[in-house]
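The block underneath contains the structure these notes are about, expressed in structure tokens.
The values are calculated or read from the model by the stated rules, or taken from the named source; none is laboratory data. The model shown is predicted, which means the values in this text are computed figures rather than measured ones. Backbone-built Cβ (ideal geometry, glycine too); neighbour counts: all protein chains shown.
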């Protein structure tokens, strides 16, 4: 039974090291492709004429949990119609001194390389986690005496 706890502890430590390794590798690739310091999210205020730019290096995990509002607009053109989703972000406008709604003005082309890089690392980390859990469960179930 002690061996089981030792193996579980080692597997948890290995799992944490694996996540840290892939996150460091992801940031290294961001820096090598000049995404980390060069890319910036560009926003235009909906309520006032001011613009806001946030560099990718200035963002952290809290940036992805910024207050958002989804606006769905249906565009009718003759017999065809299409739904367009627009996302608004709530930021503090330095020029006005108030919180305002902003829309993102970056084109999809600007984000394309960043999306592919994120997708690549999501797939690598997802596959690694699945492989890790399959091998760890096989190892743990071999150690449990039935």
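Structure notes:
- Which numbered condition residue 120 fails, given (1) surrounded by fewer than 12 Cβ atoms within 10 Å (Cβ to Cβ); (2) under 27 Å from residue 27 (Cβ atoms); (3) at pLDDT 85 or above: (1)
- Flag if residue 144 is at pLDDT 80 or above, within 30 Å of residue 3 (Cβ to Cβ) and either surrounded by 12 or more Cβ atoms within 10 Å (Cβ to Cβ) or in contact with a helix residue (DSSP H, G or I) (Cβ under 8 Å, 6 or more places away or on another chain) (or both): no
- For segment 123-141, the set of residues classified as surrounded by 13 or more Cβ atoms within 10 Å (Cβ to Cβ) and farther than 13 Å from residue 14 by Cα consists of 124, 125, 139, 140, listed by residue number.
- Test: residue in segment 45-53 that is more than 15 Å from residue 99 (Cα to Cα), part of a loop (DSSP other than H, G, I, E, B) and over 15 Å from the mean Cα position of the chain (by Cα): no
- Number of residues in segment 70-93 that are exposed (fewer than 12 other Cβ atoms within 10 Å of the Cβ) and assigned to a strand (DSSP E or B) equals 15.
- Given (1) under 18 Å from residue 60 (Cβ atoms); (2) touching a residue at least 60 places away in the same chain (Cβ under 8 Å), number of the condition residue 4 does not satisfy: (1)
- Members of segment 54-68 that are over 15 Å from the mean Cα position of the chain (by Cα) and surrounded by 12 or more Cβ atoms within 10 Å (Cβ to Cβ): 54
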